[in-house]
1. Which pairs turn up if I take residues in the stretch 55-72 that are among the basic types (Lys, Arg) and look for partners that are at pLDDT 95 or above and in a helix (DSSP H, G or I) with beta carbon separation below 7 Å, at least 6 apart in sequence or on another chain?
2. Within the stretch 18-57, which residues are among the hydroxyl-bearing types (Ser, Thr, Tyr), at pLDDT 90 or above and not in a strand (DSSP E or B)?
3. Return the total of residues in the stretch 25-41 being among the acidic types (Asp, Glu) and under 13 Å from Arg76 (Cα atoms).
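The values are calculated or read from the model by the stated rules, or taken from the named source; none is laboratory data. These numbers come from a predicted model, not from an experiment. All Cβ positions, even for glycine, are placed from backbone atoms using ideal geometry, and neighbour counts span all protein chains on display.
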Amino acid sequence: MKRFAFAVGLATLGLAATTPARADYALVRWDDGYCRIWWEASATPWGAGWAKVATAADYSTAAAAFDQAVQAGTCR
């Protein structure tokens, strides 16, 4: 029984370690066309007049998404 409990615990730990990380950054665009990298992608800005353009797991990926959005004309 101890071996079974150990195996179940080990399997649970393995599954918890392999769950995907949530995106921690979001690229937010306001109605006037300006964009900002928003920390904590699950939290949203207050009020109306904004939209999430992209989400990213780290800041460098969010910065690359921001650069692409500026080049594409989505953001100013």
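1. none
2. Residue satisfying the conditions is Tyr34 alone.
3. Within the stretch 25-41, residues that are among the acidic types (Asp, Glu) and under 13 Å from Arg76 (Cα atoms) number 2.
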